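Enquirer: Would you mind keeping the following structure in view while I ask a few things?
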Amino acid sequence: MQRLCVMGLGYVGLPAAAMLAGRGHQVVGCDTDPRVVAAVQSGQAHFHEPDLDMLLAAALTTGRLTAQAVPAPAEVFVIAVPTPLGPGCSPRADLSCVEAATDAIAPLLRPGNLVILESTCPVGTTEALAARLAAARPDLALPRRGQPAPPGCVHLAHCPERVLPGSMLRELVANDRIIGGLTPACAELARAVYAGFVTGRCWVTDSRTAELAKLAENAFRDVNIAFANELASICEAVEVDPWAAITLANRHPRVAILQPGAGVGGHCIAVDPWFLAQAAPERSALIRTARGVNEAKPGQVAARIRALAGGMDRPAIACLGLTYKADVEDLRASPALAVAEDLARDGTLRLLCCDPMLPTLPPSLAGRPGVALVGIEAALVQADILAVLVPHAAFRALPPQVFADRVVVDTVGLLRQA
Ligand SMILES: NC(=O)c1ccc[n+]([C@@H]2O[C@H](COP(=O)([O-])OP(=O)(O)OC[C@H]3O[C@@H](n4cnc5c(N)ncnc54)[C@H](O)[C@@H]3O)[C@@H](O)[C@H]2O)c1
(Lines give C-alpha, C1' and ligand atoms only; values in the text may rest on other atoms or scores of the structure.)
Protein backbone atom coordinates (compact mmCIF):
# COMPACT_ATOMS: atom_id res chain seq x y z
CA MET A 1 0.00 0.00 0.00
CA GLN A 2 1.33 3.43 -0.95
CA ARG A 3 0.04 6.93 -0.28
CA LEU A 4 -0.64 8.69 -3.56
CA CYS A 5 -1.76 12.19 -4.42
CA VAL A 6 -3.36 12.62 -7.84
CA MET A 7 -3.31 16.20 -9.13
CA GLY A 8 -6.29 16.79 -11.45
CA LEU A 9 -9.48 14.71 -11.30
CA GLY A 10 -10.55 14.90 -14.93
CA TYR A 11 -10.92 12.28 -17.64
CA VAL A 12 -7.43 10.94 -16.90
CA GLY A 13 -6.86 11.65 -13.21
CA LEU A 14 -10.20 10.48 -11.79
CA PRO A 15 -10.21 6.96 -13.31
CA ALA A 16 -6.54 6.58 -12.29
CA ALA A 17 -7.24 7.74 -8.72
CA ALA A 18 -10.25 5.42 -8.37
CA MET A 19 -8.32 2.51 -9.90
CA LEU A 20 -5.33 3.01 -7.57
CA ALA A 21 -7.66 3.22 -4.55
CA GLY A 22 -9.40 0.07 -5.76
CA ARG A 23 -6.04 -1.71 -5.68
CA GLY A 24 -5.59 -0.92 -1.99
CA HIS A 25 -3.60 2.33 -2.10
CA GLN A 26 -4.52 5.36 -0.01
CA VAL A 27 -5.28 8.07 -2.56
CA VAL A 28 -5.96 11.79 -2.18
CA GLY A 29 -7.37 13.36 -5.33
CA CYS A 30 -6.72 17.07 -5.65
CA ASP A 31 -8.50 19.42 -8.04
CA THR A 32 -8.55 23.21 -8.18
CA ASP A 33 -12.17 23.21 -9.41
CA PRO A 34 -14.47 23.07 -6.34
CA ARG A 35 -17.33 21.62 -8.46
CA VAL A 36 -15.12 18.68 -9.41
CA VAL A 37 -14.12 18.09 -5.77
CA ALA A 38 -17.77 18.25 -4.65
CA ALA A 39 -18.89 15.85 -7.40
CA VAL A 40 -16.15 13.32 -6.59
CA GLN A 41 -16.86 13.56 -2.86
CA SER A 42 -20.53 12.81 -3.57
CA GLY A 43 -19.56 9.72 -5.57
CA GLN A 44 -20.60 11.09 -8.96
CA ALA A 45 -18.07 11.50 -11.73
CA HIS A 46 -18.58 14.90 -13.40
CA PHE A 47 -18.41 13.25 -16.85
CA HIS A 48 -19.90 10.09 -18.26
CA GLU A 49 -17.62 7.06 -18.43
CA PRO A 50 -18.99 3.49 -18.26
CA ASP A 51 -18.50 1.85 -14.81
CA LEU A 52 -16.60 4.82 -13.37
CA ASP A 53 -19.33 5.73 -10.85
CA MET A 54 -19.27 2.15 -9.55
CA LEU A 55 -15.48 2.17 -9.09
CA LEU A 56 -15.65 5.63 -7.53
CA ALA A 57 -18.39 4.62 -5.08
CA ALA A 58 -16.37 1.57 -3.98
CA ALA A 59 -13.21 3.68 -3.50
CA LEU A 60 -15.11 6.24 -1.41
CA THR A 61 -16.91 3.60 0.68
CA THR A 62 -13.63 1.95 1.69
CA GLY A 63 -12.22 5.39 2.57
CA ARG A 64 -9.23 4.79 0.30
CA LEU A 65 -10.08 7.77 -1.92
CA THR A 66 -10.73 11.29 -0.74
CA ALA A 67 -10.99 14.48 -2.80
CA GLN A 68 -9.88 17.96 -1.81
CA ALA A 69 -8.72 21.29 -3.21
CA VAL A 70 -5.13 21.11 -2.00
CA PRO A 71 -2.51 18.36 -2.35
CA ALA A 72 -1.61 16.13 0.57
CA PRO A 73 1.74 14.54 1.54
CA ALA A 74 2.29 11.26 -0.31
CA GLU A 75 4.97 8.87 -1.51
CA VAL A 76 3.83 9.17 -5.13
CA PHE A 77 2.41 12.29 -6.82
CA VAL A 78 0.61 11.86 -10.15
CA ILE A 79 0.10 14.97 -12.28
CA ALA A 80 -2.89 14.66 -14.64
CA VAL A 81 -3.84 18.29 -15.31
CA PRO A 82 -4.76 19.86 -18.67
CA THR A 83 -2.11 20.78 -21.23
CA PRO A 84 -4.05 22.90 -23.73
CA LEU A 85 -2.71 24.71 -26.77
CA GLY A 86 -1.64 28.28 -26.42
CA PRO A 87 -2.86 30.91 -28.91
CA GLY A 88 -1.63 31.49 -32.46
CA CYS A 89 -1.66 29.75 -35.81
CA SER A 90 1.39 27.60 -34.93
CA PRO A 91 0.47 27.15 -31.27
CA ARG A 92 2.69 25.83 -28.50
CA ALA A 93 1.72 23.91 -25.38
CA ASP A 94 0.35 25.92 -22.47
CA LEU A 95 2.02 24.28 -19.49
CA SER A 96 0.65 26.67 -16.86
CA CYS A 97 -1.51 23.97 -15.16
CA VAL A 98 1.41 21.50 -15.03
CA GLU A 99 3.63 24.21 -13.57
CA ALA A 100 0.96 25.22 -11.02
CA ALA A 101 0.48 21.58 -9.96
CA THR A 102 4.26 21.16 -9.65
CA ASP A 103 4.54 24.31 -7.55
CA ALA A 104 1.67 23.09 -5.32
CA ILE A 105 3.35 19.77 -4.52
CA ALA A 106 6.88 21.21 -4.19
CA PRO A 107 6.57 22.09 -0.47
CA LEU A 108 5.27 18.57 0.32
CA LEU A 109 8.07 16.59 -1.33
CA ARG A 110 10.32 14.38 0.77
CA PRO A 111 13.49 12.51 -0.24
CA GLY A 112 12.61 9.32 -2.12
CA ASN A 113 9.20 10.59 -3.33
CA LEU A 114 8.18 9.89 -6.92
CA VAL A 115 6.50 12.44 -9.21
CA ILE A 116 4.76 10.94 -12.25
CA LEU A 117 3.73 13.27 -15.06
CA GLU A 118 0.77 11.70 -16.91
CA SER A 119 -0.27 14.85 -18.77
CA THR A 120 0.70 14.91 -22.44
CA CYS A 121 3.64 17.27 -22.77
CA PRO A 122 6.22 18.58 -25.23
CA VAL A 123 9.60 16.84 -25.31
CA GLY A 124 11.78 17.90 -22.37
CA THR A 125 8.94 18.81 -19.97
CA THR A 126 9.87 16.20 -17.34
CA GLU A 127 13.42 17.58 -17.26
CA ALA A 128 12.01 21.12 -16.98
CA LEU A 129 9.86 20.05 -14.02
CA ALA A 130 12.91 18.59 -12.29
CA ALA A 131 14.69 21.93 -12.76
CA ARG A 132 11.62 23.78 -11.46
CA LEU A 133 11.49 21.59 -8.34
CA ALA A 134 15.24 22.01 -7.82
CA ALA A 135 14.75 25.79 -7.83
CA ALA A 136 11.78 25.59 -5.44
CA ARG A 137 13.42 23.10 -3.10
CA PRO A 138 17.21 23.62 -2.99
CA ASP A 139 17.25 21.32 0.07
CA LEU A 140 16.24 18.31 -2.09
CA ALA A 141 18.35 16.28 -4.52
CA LEU A 142 16.82 16.09 -8.02
CA PRO A 143 17.93 13.75 -10.79
CA ARG A 144 19.37 14.92 -14.09
CA ARG A 145 19.01 13.26 -17.47
CA GLY A 146 21.93 10.99 -18.32
CA GLN A 147 23.40 11.12 -14.82
CA PRO A 148 23.07 8.55 -12.03
CA ALA A 149 20.28 9.34 -9.54
CA PRO A 150 21.78 11.12 -6.51
CA PRO A 151 21.18 9.30 -3.21
CA GLY A 152 17.88 10.17 -1.52
CA CYS A 153 16.66 12.16 -4.52
CA VAL A 154 13.09 12.89 -5.55
CA HIS A 155 12.32 10.77 -8.63
CA LEU A 156 10.51 11.91 -11.78
CA ALA A 157 8.95 9.96 -14.63
CA HIS A 158 6.69 10.62 -17.60
CA CYS A 159 4.03 7.92 -18.00
CA PRO A 160 1.69 9.20 -20.70
CA GLU A 161 -1.95 8.18 -20.67
CA ARG A 162 -3.44 6.70 -23.84
CA VAL A 163 -6.93 5.66 -22.75
CA LEU A 164 -9.89 6.03 -25.09
CA PRO A 165 -12.92 7.87 -23.68
CA GLY A 166 -15.78 5.38 -23.47
CA SER A 167 -13.42 2.45 -22.75
CA MET A 168 -11.22 4.12 -20.15
CA LEU A 169 -11.43 1.62 -17.31
CA ARG A 170 -10.78 -1.36 -19.57
CA GLU A 171 -7.92 0.37 -21.37
CA LEU A 172 -6.41 1.73 -18.14
CA VAL A 173 -5.76 -1.88 -17.17
CA ALA A 174 -5.26 -3.61 -20.52
CA ASN A 175 -3.17 -1.09 -22.53
CA ASP A 176 0.58 -1.31 -22.72
CA ARG A 177 2.17 1.53 -20.79
CA ILE A 178 5.19 3.69 -21.58
CA ILE A 179 7.29 4.41 -18.48
CA GLY A 180 9.84 7.16 -19.09
CA GLY A 181 12.17 7.74 -16.16
CA LEU A 182 14.48 10.71 -15.82
CA THR A 183 16.92 8.02 -14.64
CA PRO A 184 16.62 4.22 -14.69
CA ALA A 185 15.88 4.31 -10.94
CA CYS A 186 12.98 6.75 -11.55
CA ALA A 187 11.61 4.44 -14.25
CA GLU A 188 11.80 1.39 -12.02
CA LEU A 189 9.85 3.10 -9.21
CA ALA A 190 7.19 4.27 -11.68
CA ARG A 191 6.97 0.85 -13.30
CA ALA A 192 6.22 -0.69 -9.89
CA VAL A 193 3.23 1.69 -9.47
CA TYR A 194 1.66 0.66 -12.80
CA ALA A 195 2.55 -3.02 -12.44
CA GLY A 196 0.01 -3.06 -9.57
CA PHE A 197 -2.95 -2.75 -11.95
CA VAL A 198 -1.77 -2.86 -15.58
CA THR A 199 -2.09 -6.20 -17.34
CA GLY A 200 -0.55 -4.80 -20.55
CA ARG A 201 3.21 -4.59 -20.82
CA CYS A 202 5.12 -1.74 -19.17
CA TRP A 203 7.79 -0.48 -21.61
CA VAL A 204 10.57 1.24 -19.73
CA THR A 205 12.50 4.07 -21.40
CA ASP A 206 13.83 7.55 -20.67
CA SER A 207 11.49 10.53 -20.15
CA ARG A 208 12.35 12.29 -23.42
CA THR A 209 11.63 9.18 -25.50
CA ALA A 210 8.37 8.62 -23.60
CA GLU A 211 7.27 12.20 -24.26
CA LEU A 212 8.08 11.91 -27.95
CA ALA A 213 6.48 8.46 -28.36
CA LYS A 214 3.16 9.67 -26.95
CA LEU A 215 3.15 12.69 -29.26
CA ALA A 216 4.17 10.51 -32.22
CA GLU A 217 1.12 8.26 -31.71
CA ASN A 218 -1.34 11.10 -32.11
CA ALA A 219 0.61 12.93 -34.82
CA PHE A 220 0.65 9.65 -36.79
CA ARG A 221 -3.15 9.41 -36.48
CA ASP A 222 -3.60 13.05 -37.43
CA VAL A 223 -1.45 12.79 -40.56
CA ASN A 224 -3.26 9.65 -41.67
CA ILE A 225 -6.71 11.15 -41.06
CA ALA A 226 -5.61 14.26 -42.97
CA PHE A 227 -4.79 12.00 -45.92
CA ALA A 228 -8.27 10.44 -45.77
CA ASN A 229 -9.91 13.87 -45.45
CA GLU A 230 -7.94 15.23 -48.38
CA LEU A 231 -8.83 12.17 -50.42
CA ALA A 232 -12.53 12.69 -49.60
CA SER A 233 -12.24 16.29 -50.73
CA ILE A 234 -10.67 15.22 -54.05
CA CYS A 235 -13.41 12.59 -54.45
CA GLU A 236 -16.07 15.26 -53.95
CA ALA A 237 -14.49 17.39 -56.69
CA VAL A 238 -14.59 14.53 -59.20
CA GLU A 239 -17.90 13.00 -57.99
CA VAL A 240 -16.48 9.74 -56.69
CA ASP A 241 -17.79 8.07 -53.52
CA PRO A 242 -14.78 8.29 -51.14
CA TRP A 243 -15.85 5.27 -49.10
CA ALA A 244 -16.12 3.09 -52.17
CA ALA A 245 -12.71 4.27 -53.40
CA ILE A 246 -11.07 3.73 -49.97
CA THR A 247 -12.61 0.28 -49.58
CA LEU A 248 -11.17 -0.74 -52.94
CA ALA A 249 -7.75 0.81 -52.29
CA ASN A 250 -7.62 -1.00 -48.94
CA ARG A 251 -7.91 -4.33 -50.78
CA HIS A 252 -4.19 -3.82 -51.51
CA PRO A 253 -2.29 -5.93 -48.96
CA ARG A 254 -0.09 -3.03 -47.81
CA VAL A 255 -2.64 -0.18 -47.84
CA ALA A 256 -4.84 0.79 -44.88
CA ILE A 257 -6.39 4.21 -45.51
CA LEU A 258 -8.39 5.60 -42.58
CA GLN A 259 -11.96 6.88 -42.83
CA PRO A 260 -12.64 10.56 -43.57
CA GLY A 261 -14.94 12.66 -41.40
CA ALA A 262 -15.98 16.20 -40.58
CA GLY A 263 -12.48 16.92 -39.27
CA VAL A 264 -10.46 15.81 -36.25
CA GLY A 265 -11.49 16.55 -32.70
CA GLY A 266 -10.98 15.64 -29.10
CA HIS A 267 -8.42 16.69 -26.58
CA CYS A 268 -5.49 14.71 -28.01
CA ILE A 269 -5.25 14.18 -31.76
CA ALA A 270 -6.14 17.78 -32.57
CA VAL A 271 -3.62 19.08 -30.03
CA ASP A 272 -0.64 16.78 -29.61
CA PRO A 273 0.82 17.18 -33.15
CA TRP A 274 1.52 20.84 -32.32
CA PHE A 275 3.48 19.75 -29.23
CA LEU A 276 5.61 17.53 -31.46
CA ALA A 277 6.06 20.24 -34.09
CA GLN A 278 7.22 22.75 -31.48
CA ALA A 279 10.25 20.53 -30.77
CA ALA A 280 11.66 21.34 -34.22
CA PRO A 281 9.24 23.50 -36.28
CA GLU A 282 11.60 23.70 -39.26
CA ARG A 283 11.55 19.88 -39.49
CA SER A 284 7.79 19.38 -39.07
CA ALA A 285 6.29 20.49 -42.40
CA LEU A 286 4.18 17.34 -42.85
CA ILE A 287 2.79 17.43 -39.31
CA ARG A 288 1.86 21.12 -39.58
CA THR A 289 0.31 20.66 -43.03
CA ALA A 290 -1.82 17.73 -41.79
CA ARG A 291 -3.09 19.94 -38.96
CA GLY A 292 -4.02 22.56 -41.53
CA VAL A 293 -5.90 20.01 -43.67
CA ASN A 294 -7.89 18.70 -40.70
CA GLU A 295 -8.59 22.16 -39.26
CA ALA A 296 -9.96 23.33 -42.64
CA LYS A 297 -12.40 20.43 -42.94
CA PRO A 298 -15.32 21.75 -40.80
CA GLY A 299 -15.31 25.00 -42.81
CA GLN A 300 -15.42 23.01 -46.05
CA VAL A 301 -18.35 20.91 -44.79
CA ALA A 302 -20.23 24.07 -43.73
CA ALA A 303 -19.55 25.66 -47.13
CA ARG A 304 -20.94 22.59 -48.87
CA ILE A 305 -24.12 22.71 -46.77
CA ARG A 306 -24.50 26.45 -47.44
CA ALA A 307 -24.12 25.81 -51.17
CA LEU A 308 -26.94 23.23 -51.03
CA ALA A 309 -29.06 25.59 -48.93
CA GLY A 310 -28.49 28.45 -51.37
CA GLY A 311 -31.52 27.71 -53.53
CA MET A 312 -33.93 27.13 -50.61
CA ASP A 313 -36.03 29.62 -48.63
CA ARG A 314 -34.62 29.76 -45.04
CA PRO A 315 -34.05 26.01 -45.00
CA ALA A 316 -33.78 23.87 -41.86
CA ILE A 317 -30.51 22.00 -41.53
CA ALA A 318 -30.39 18.97 -39.25
CA CYS A 319 -26.93 18.63 -37.72
CA LEU A 320 -26.88 14.95 -36.79
CA GLY A 321 -24.24 14.79 -34.05
CA LEU A 322 -22.24 17.53 -32.32
CA THR A 323 -19.74 15.66 -30.14
CA TYR A 324 -16.16 15.07 -31.26
CA LYS A 325 -16.77 11.41 -32.03
CA ALA A 326 -19.44 8.72 -31.86
CA ASP A 327 -21.16 7.75 -28.63
CA VAL A 328 -19.36 10.11 -26.24
CA GLU A 329 -20.63 13.37 -24.73
CA ASP A 330 -17.24 15.09 -25.10
CA LEU A 331 -17.40 18.29 -27.17
CA ARG A 332 -13.75 19.30 -26.91
CA ALA A 333 -12.38 20.51 -30.26
CA SER A 334 -15.36 18.85 -31.95
CA PRO A 335 -15.37 19.39 -35.73
CA ALA A 336 -19.12 18.64 -35.82
CA LEU A 337 -19.72 21.45 -33.34
CA ALA A 338 -17.48 23.69 -35.46
CA VAL A 339 -19.69 22.94 -38.50
CA ALA A 340 -22.85 23.81 -36.52
CA GLU A 341 -21.26 27.00 -35.13
CA ASP A 342 -20.25 28.04 -38.65
CA LEU A 343 -23.80 27.45 -39.95
CA ALA A 344 -25.33 29.33 -36.99
CA ARG A 345 -23.05 32.34 -37.37
CA ASP A 346 -25.20 34.71 -39.48
CA GLY A 347 -28.68 33.51 -38.42
CA THR A 348 -29.87 32.91 -42.00
CA LEU A 349 -30.33 29.16 -41.56
CA ARG A 350 -32.54 27.24 -39.16
CA LEU A 351 -30.45 24.65 -37.31
CA LEU A 352 -31.97 21.49 -35.85
CA CYS A 353 -29.18 20.16 -33.66
CA CYS A 354 -29.68 16.52 -32.81
CA ASP A 355 -27.31 14.64 -30.54
CA PRO A 356 -28.55 11.76 -28.38
CA MET A 357 -25.48 12.18 -26.13
CA LEU A 358 -26.32 15.78 -25.16
CA PRO A 359 -29.14 16.85 -22.80
CA THR A 360 -28.81 20.55 -23.75
CA LEU A 361 -27.33 22.69 -26.49
CA PRO A 362 -23.61 23.47 -26.07
CA PRO A 363 -23.06 27.03 -24.71
CA SER A 364 -21.71 28.25 -28.07
CA LEU A 365 -25.07 27.43 -29.73
CA ALA A 366 -27.53 28.03 -26.89
CA GLY A 367 -29.68 31.13 -27.34
CA ARG A 368 -28.68 31.64 -30.98
CA PRO A 369 -31.63 32.68 -33.17
CA GLY A 370 -32.98 29.78 -35.21
CA VAL A 371 -30.98 27.10 -33.35
CA ALA A 372 -32.79 24.33 -31.45
CA LEU A 373 -31.92 20.97 -29.91
CA VAL A 374 -34.34 18.37 -31.23
CA GLY A 375 -34.83 14.61 -31.11
CA ILE A 376 -34.06 12.33 -34.04
CA GLU A 377 -37.63 12.10 -35.23
CA ALA A 378 -38.16 15.87 -35.30
CA ALA A 379 -34.85 16.34 -37.10
CA LEU A 380 -35.79 13.82 -39.76
CA VAL A 381 -39.29 15.22 -40.25
CA GLN A 382 -38.48 18.95 -40.21
CA ALA A 383 -35.11 19.20 -41.97
CA ASP A 384 -34.59 20.23 -45.56
CA ILE A 385 -30.95 19.12 -45.43
CA LEU A 386 -29.65 16.27 -43.27
CA ALA A 387 -25.98 16.75 -42.33
CA VAL A 388 -24.56 13.59 -40.80
CA LEU A 389 -21.63 14.82 -38.73
CA VAL A 390 -21.08 12.06 -36.12
CA PRO A 391 -21.85 8.33 -36.56
CA HIS A 392 -23.59 7.86 -33.19
CA ALA A 393 -25.07 4.38 -32.66
CA ALA A 394 -28.57 5.91 -32.64
CA PHE A 395 -27.99 7.19 -36.20
CA ARG A 396 -26.36 3.94 -37.34
CA ALA A 397 -29.51 2.13 -36.19
CA LEU A 398 -31.78 4.19 -38.47
CA PRO A 399 -33.19 2.30 -41.46
CA PRO A 400 -31.59 3.52 -44.72
CA GLN A 401 -35.05 4.41 -46.09
CA VAL A 402 -35.25 7.47 -43.80
CA PHE A 403 -32.51 9.07 -45.90
CA ALA A 404 -33.99 8.06 -49.25
CA ASP A 405 -34.96 10.99 -51.50
CA ARG A 406 -33.56 13.49 -48.99
CA VAL A 407 -30.79 16.06 -49.37
CA VAL A 408 -28.02 14.48 -47.31
CA VAL A 409 -24.46 15.61 -46.58
CA ASP A 410 -22.90 12.46 -45.18
CA THR A 411 -19.45 13.35 -43.80
CA VAL A 412 -18.90 10.02 -42.04
CA GLY A 413 -20.08 7.39 -44.51
CA LEU A 414 -23.18 6.53 -42.45
CA LEU A 415 -25.28 5.71 -45.47
CA ARG A 416 -22.59 3.50 -46.86
CA GLN A 417 -22.40 1.54 -43.59
CA ALA A 418 -26.20 1.26 -43.32
N1 LIG B 1 -9.04 12.90 -21.98
C2 LIG B 1 -8.34 11.98 -22.60
O3 LIG B 1 -8.90 11.11 -23.24
C4 LIG B 1 -6.81 11.96 -22.52
C5 LIG B 1 -6.16 10.83 -23.00
C6 LIG B 1 -4.78 10.79 -22.92
C7 LIG B 1 -4.08 11.86 -22.38
N8 LIG B 1 -4.74 12.97 -21.94
C9 LIG B 1 -3.95 14.06 -21.34
O10 LIG B 1 -4.12 14.00 -19.93
C11 LIG B 1 -4.06 15.34 -19.38
C12 LIG B 1 -5.32 15.61 -18.59
O13 LIG B 1 -6.41 15.56 -19.47
P14 LIG B 1 -7.91 15.39 -18.99
O15 LIG B 1 -8.68 15.01 -20.18
O16 LIG B 1 -7.97 14.52 -17.79
O17 LIG B 1 -8.24 16.91 -18.55
P18 LIG B 1 -9.55 17.40 -17.78
O19 LIG B 1 -9.74 18.82 -18.17
O20 LIG B 1 -10.66 16.43 -17.94
O21 LIG B 1 -9.13 17.33 -16.23
C22 LIG B 1 -8.08 18.01 -15.68
C23 LIG B 1 -8.46 18.43 -14.26
O24 LIG B 1 -7.31 19.09 -13.69
C25 LIG B 1 -7.80 20.13 -12.85
N26 LIG B 1 -6.69 21.07 -12.62
C27 LIG B 1 -6.23 22.06 -13.42
N28 LIG B 1 -5.16 22.64 -12.85
C29 LIG B 1 -4.92 21.99 -11.68
C30 LIG B 1 -3.94 22.13 -10.66
N31 LIG B 1 -2.98 23.03 -10.75
N32 LIG B 1 -4.02 21.28 -9.61
C33 LIG B 1 -5.00 20.35 -9.52
N34 LIG B 1 -5.95 20.19 -10.46
C35 LIG B 1 -5.90 20.99 -11.54
C36 LIG B 1 -8.97 20.70 -13.62
O37 LIG B 1 -9.85 21.41 -12.77
C38 LIG B 1 -9.61 19.44 -14.20
O39 LIG B 1 -10.65 18.93 -13.37
C40 LIG B 1 -3.86 16.28 -20.58
O41 LIG B 1 -2.49 16.51 -20.75
C42 LIG B 1 -4.38 15.45 -21.74
O43 LIG B 1 -3.79 15.83 -22.96
C44 LIG B 1 -6.10 13.03 -21.97
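Enquirer: For the chain, with only Lys/Arg (+1) and Asp/Glu (-1) charged at the beta-carbon, what is the dipole magnitude about the Cα centre, in debye rounded to 20?
Expert: Details: 35 positive and 39 negative charges, 144 e Å.
It works out to roughly 700 debye.
Enquirer: Mind listing the long-range amide H neighbours of R144? Cut-off is under 5 Å, sequence gap 5 or more, other chains count too, H placed in the peptide plane at 1.01 Å from N.
Expert: none
Enquirer: Additional query: Can you give the helix-only mean residue ellipticity at 222 nm for the chain, where every DSSP H stretch with n ≥ 4 adds -39500 (n - 2.57) and the sum goes over all residues, rounded to the nearest 500 deg cm²/dmol? Each step should come with its number before you reach the end.
Expert: Numbers: 15 runs with 164 residues, N = 418.
Mean residue ellipticity at 222 nm (helix-derived): -12000 deg cm²/dmol.
Enquirer: Once ligands and nucleic acids are excluded and a 1.4 Å probe is used, how much of T66 is accessible, expressed in Å² to the nearest 10?
Expert: T66 has an accessible surface of roughly 60 Å² with all protein chains in place.
Enquirer: In vacuo Debye scattering of the chain, one point per C-alpha: log10 I(q)/I(0) at q = 0.09, 0.10, 0.12 Å⁻¹?
Expert: -0.62, -0.75, -1.01
Enquirer: Another one. Need one number: the % of Cα-Cα pairs in segment 94-213 sitting beyond the 20 Å mark. Display every interim value, and only then the final one.
Expert: Numbers: 2863 of 7140 pairs.
Considering segment 94-213, 40 percent of its Cα-Cα pairs are separated by more than 20 Å.
Enquirer: Using only the heavy atoms of the protein chains and a 1.4 Å probe, how would T348, T126, T61, T205 rank by accessible area, largest first?
Expert: T61, T348, T205, T126
Enquirer: Provide, in order from the shortest bin, the percent of all Cα-Cα pairs of segment 304-408 in each 10 Å bin, continuing until the bin that contains the maximum pair distance.
Expert: The percentages, shortest bin first, are 16, 53, 29, 2.
Enquirer: If you count the DSSP beta bridges with both ends in the chain, what percent of them are antiparallel, to the nearest 5?
Expert: Counting only bridges with both partners in the chain, antiparallel ones make up about 5 percent.
Enquirer: Just to make sure I understand: if all protein chains stay in place, what is the order of H48, H25 by accessible area at 1.4 Å, largest first?
Expert: Largest accessible area first, the residues go H48, H25.
Enquirer: Let me ask something else about it. Bin width 10 Å, origin at 0, all Cα-Cα pairs of segment 3-214: what percent of pairs per bin?
Expert: Percent of pairs per bin, in order: 9, 37, 38, 15, 1.
Enquirer: Moving on to the next point. Sorted by accessible area (1.4 Å probe), largest first, how do E161, E230, E282, E99 line up?
Expert: Values: E161 15, E230 90, E282 140, E99 65 Å².
Putting E161, E230, E282, E99 in descending order of accessible area: E282, E230, E99, E161.
The values are calculated or read from the model by the stated rules, or taken from the named source; none is laboratory data. Predicted model, so just to flag it, every value in this text is computed and none were measured. In this analysis, Cβ positions are derived from the backbone assuming ideal geometry, glycine residues included, and neighbour counts consider all displayed protein chains. What goes into the accessible areas is simple: the full protein's heavy atoms, side chains included, and nothing from ligands, DNA or RNA. Shrake-Rupley method; radii C 1.70, N 1.55, O 1.52, S 1.80 Å.
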